[in-house]
Amino acid sequence: MKISTINRNILRLALPSIMANITVPLVGIVDLAIAGHLGDAASIGGIAIGSMLFDLLYWNMGFLRVGTGGITAQAYGRKDFKEAMDTFTRGIATALAVALLIWLIQWIYIEAAFALVVCSPEVESIAREYFFIRVWAAPATLSLMVFKGWFIGMQNTVLPMAVDITVNVVNVVVSYVLAVHTPMGVAGVAAGTVVAQYSGLLLAIALMYYNFRKYFHLISVRASIKLNKMKQFFSINGNLFIRSLCMLVIYIGFTSIAARYGDTLLAVSSVMMKLLLLYSYFVDGFAYAGEALVGRFIGERNSDYLISTVRWIFIWCFGISLLSTLIYAGLGKPMFQLMTDNPEVVEASAPFLFWLLLMPVVSCIAFTWDGIFIGATATNHLRNSMIWSAALFIISYMAFEPLLGIQSLYLAYFVHLLVRSLYLTIVRKSALTIK
């Protein structure tokens, strides 16, 4: 396969995902920026904690996108469109069932959460208000995960791009209008998210009908939820569920631990996490391309295309990570100041900005392997890598906290990225062997 053809395939899938992903962090950034300009550090912390509560719920359901994408991509490679449609049906049925469960347990869930999360009464009050509004978007949010994974698996990243951009633009506009130009305040940020999610769902349904209705005759709800099919679906996704739980230990743990150091450092850490993940949305565009193409070529049993694609995806991702490091080096503080105009928070950020220079290269390896392993449906390795990284995140923080204070939290985050990168690199051959 010619290098030019390989890169055309990669860029055809990666560029729309990158364009969509650019808008994804903007939602969280705008939410925090609106809160930052509405009031003090407690407003930023309340949004951060409220968002964290949904991360706890939705990240556990990450397999709805991840598993759907990998299984569908391999079905596409085999030209088994019946299985592709069955995978979509199973995903949507699971998403709606989980959304109903979230609605039923929402009051129990938030009481349990605040029994564990330590924060000031003012931050807790804001977070509760945010949560009880945004929770009504659950069916749309979870269903959109399935749509996105399925579109990617069908080798089409333009459609999820259109959906993501629509969701995020609507979110920014509606949240700003409701929060700044009405008495709703922070509640307007949550309401804007609800409006945006359902807008995206309506668009996804329309795009599905317009582009794939020729496969609708293959849909059979009864066949798709047969016991043996559901068992296979949840066998793959069970590993991804455990992976998501481990990711929660890290990402939710990061925010929860930061809250113990006071509202100001919680606000600093919330903004830092947004900035640390900002560049990764560019890398994720290529990871999505890897997911789609690796799954397709495994389905086609084409090892030459598979190996070449993996190699070039890494070349692209390393280039992005190096460029990101240079941007952070020159614009780290101005980027932080865009997030909040609170002088105390901006001043407190100075000792932490150097972490922006250390994360990109290490994390790009982990993020890129994630997409490739998802396409290969090598979910056992993804599970194991996150178990080890979560364990070492906790151990690193506990070991260095007496010496470094809150800086040990950032060190622990760096260690978890390093562990993920090393583990997946070591086991890559077994995951990418076509059987």
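Residues that are among the hydroxyl-bearing types (Ser, Thr, Tyr) and modelled with pLDDT of 90 or more: does the range 132-145 have at least one? Scanning the range 132-145 turns up at least one residue that is among the hydroxyl-bearing types (Ser, Thr, Tyr) and modelled with pLDDT of 90 or more. I'd like to check something: does the range 141-157 contain any residue that is over 26 Å from Leu56 (Cβ atoms) and of a type in the set (A, V, I, L, M)? Taking every residue of the range 141-157 in turn, at least one turns out to be over 26 Å from Leu56 (Cβ atoms) and of a type in the set (A, V, I, L, M). Take the residues in the range 338-364 that are among the aromatic types (Phe, Trp, Tyr) and under 10 Å from Met272 (Cβ atoms); name whichever of them is surrounded by the most Cβ atoms within 10 Å (Cβ to Cβ). So, considering only residues that are among the aromatic types (Phe, Trp, Tyr) and under 10 Å from Met272 (Cβ atoms), the one surrounded by the most Cβ atoms within 10 Å (Cβ to Cβ) is Phe352. Residues that are among the polar types (S, T, N, Q) and part of a helix (DSSP H, G or I) were ranked within the range 140-167; the one that is surrounded by the fewest Cβ atoms within 10 Å (Cβ to Cβ) is Thr166. Would you confirm, using the coordinates I've provided, whether Ala190 is in contact (Cβ under 8 Å) with a residue 12 or more places away in the chain, on the phi < 0 side of the Ramachandran plot, aliphatic (A, V, I, L, M) and crowded, with 24+ Cβ neighbours inside 10 Å? In short, yes.
Would you call Val361 aliphatic (A, V, I, L, M) and either touching a Leu at 6+ places or on another chain (Cβ under 8 Å) or not in a helix (DSSP H, G or I) (or both)? The answer is yes for Val361. Kindly evaluate Ala191 against the criterion of being more than 30 Å from Phe81 (Cα to Cα) and modelled with pLDDT of 85 or more. Taking the combined requirement at face value, the residue satisfies it. Scanning the range 291-337 for residues that are hydroxyl-bearing (Ser, Thr, Tyr) and out of contact with any Gly (no Cβ under 8 Å at 6 or more places or on another chain), we see that the one that is surrounded by the fewest Cβ atoms within 10 Å (Cβ to Cβ) is Ser303.
Every listed requirement among (1) at pLDDT 90 or above; (2) surrounded by fewer than 19 Cβ atoms within 10 Å (Cβ to Cβ) is met by Lys226 save one, (1).
The values are calculated or read from the model by the stated rules, or taken from the named source; none is laboratory data. Everything numeric in this text was worked out from a predicted model, so none of it was measured. Neighbour counts are summed over all protein chains in view; Cβ atoms, including those assigned to glycine, are modelled from backbone coordinates with ideal geometry.
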